[in-house]
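The values are calculated or read from the model by the stated rules, or taken from the named source; none is laboratory data. Everything numeric here is computed off the predicted structure, so don't read it as measured data. Cβ coordinates were reconstructed from backbone atoms using ideal geometry, including for glycine residues, and neighbour counts include every protein chain displayed.
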Amino acid sequence: MPTNRTTLAILYSLLALVLFDAMGLIIKHLSGNYGAAELSAYRNLFGLIPAAIALWWSADWHVRGRQMRVRQWRLALNRGAILTFAQYFFYLSLGLLSFATASTITYANALFMVALAVPLLREQVGAARWAAVLIGFVGVIMIVGPGRDTFTPAALLPLAAAACYALTGITARMMDHEVPTALINLYSSGVAVVGSLILAAFTQGFTPLQSPTDLLWIIGMGAFGGSAVLLLIAAYRMTEQSNLAPFSYFGIPFAFVFGWLFYDEAPWSELFPGALLIILGGLVIVWRERAQRRG
């Protein structure tokens, strides 16, 4: 019996998580010799390729005459600027924290999206979703650990990244519905290239390649990240986002396993039970949104 579209979309999204983790592992590996902003610049340069491919694949874009102009171009540019800082904060955290810890904290973006949807989208958020946000943020606080002897300000970096990633999601929803998602992503990727280049110039600058092997790592970083983006776009075109959202939390155990395998990191005391509360809060949000759609 052939695999149905929803199952295939879930498989695509899980493979995308693995590829995003592979990209993050390379960033962590390279962060000892290269700054976060320049790694972000390399990533975004490569990111233009999948963004252009995704736009060409977009049926809506072809139907609408392959228009490149966007009425809300200022909002699209702002989204790219926010994406620049999201990547910078996350990439910087990968060089300072354990891989699983940095990755897990960024999953707070779903919680931020609910909180930001109230003032920015004028959404009505009920008690169930607010309770889910509270549960998730308790988990985040347990992982970040303010007040503990082991607390480090670097743990705030992936939290800032999560807030910025949530803003990119909110601003995408603020765009006109007729604008293809792929075109929004292309605008954001283009701005992120410029933004990361400027950010690199004002932070650590650009470091000469330390070895030919590093060039291969950088190419791999771009290939993994770009392929992950294409897989996610393909997955979201095949089924509803609510069908995929619960599986995104598989990224937390994936990150833990990869951090243990490649960097011999096993931050059990940092992640648990906080990570479980983040997952619980996220799943409650997904459940509530699906219930509202059905109702």
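Within region 103-116, is there a residue that is in contact (Cβ under 8 Å) with a residue 40 or more places away in the chain, among the aromatic types (Phe, Trp, Tyr) and surrounded by fewer than 21 Cβ atoms within 10 Å (Cβ to Cβ)? No: region 103-116 contains no residue that is in contact (Cβ under 8 Å) with a residue 40 or more places away in the chain, among the aromatic types (Phe, Trp, Tyr) and surrounded by fewer than 21 Cβ atoms within 10 Å (Cβ to Cβ). Taken residue by residue, region 27-42 has no member that is without any contact (Cβ under 8 Å) to a residue 40 or more places away in the chain and either surrounded by 18 or more Cβ atoms within 10 Å (Cβ to Cβ) or not in a helix (DSSP H, G or I) (or both).
Just a yes or no: is a residue in region 59-81 of a type in the set (Gly, Ala, Ser), under 29 Å from Gly190 (Cβ atoms) and not in a helix (DSSP H, G or I)? Checked region 59-81: at least one residue is of a type in the set (Gly, Ala, Ser), under 29 Å from Gly190 (Cβ atoms) and not in a helix (DSSP H, G or I). Taking region 230-273 as the range and being β-branched (Val, Ile, Thr), over 15 Å from the mean Cα position of the chain (by Cα) and farther than 30 Å from Asp60 by Cβ as the test, only Val257 passes.
Counted as qualifying within region 189-288 are the helices (runs of 4 or more DSSP H) with 1 or more residues that are surrounded by 18 or more Cβ atoms within 10 Å (Cβ to Cβ) and of a type in the set (Val, Ile, Thr), namely 212-238, 251-263.
I'm trying to understand the selection: among the residues of region 207-244, which are of a type in the set (Phe, Trp, Tyr) and at pLDDT 85 or above? Answer for region 207-244, where residues must be of a type in the set (Phe, Trp, Tyr) and at pLDDT 85 or above: Trp217, Phe224.
Taking the condition over 30 Å from Leu55 (Cα atoms), among the β-branched types (Val, Ile, Thr) and in contact (Cβ under 8 Å) with a residue 24 or more places away in the chain, does Ile141 pass? Spelling it out, Ile141 is indeed over 30 Å from Leu55 (Cα atoms), among the β-branched types (Val, Ile, Thr) and in contact (Cβ under 8 Å) with a residue 24 or more places away in the chain. Restricting the first member to region 199-213 and to residues that are at negative phi, and the second to residues that are modelled with pLDDT under 90, the beta-carbon pairs closer than 7 Å and six or more apart or on different chains are Ala200/Phe206. Of the residues screened, Leu83 is one that is closer than 28 Å to Pro246 by Cβ and of a type in the set (A, V, I, L, M). When Leu8, Leu19 are checked against the criterion of being surrounded by fewer than 21 Cβ atoms within 10 Å (Cβ to Cβ) and under 18 Å from Asn185 (Cβ atoms), a single residue qualifies: Leu19. Just one of the numbered conditions (1) closer than 30 Å to Arg71 by Cα; (2) more than 14 Å from the chain's Cα centre (by Cα) is not true of Thr101: (1).
Picking from residues in region 167-188 that are assigned to a loop (DSSP other than H, G, I, E, B) and within 20 Å of the chain's Cα centre (by Cα), the one that is modelled with the highest pLDDT is Met175. The requirement of being charged (D, E, K, R) and part of a helix (DSSP H, G or I) is satisfied by Arg129.
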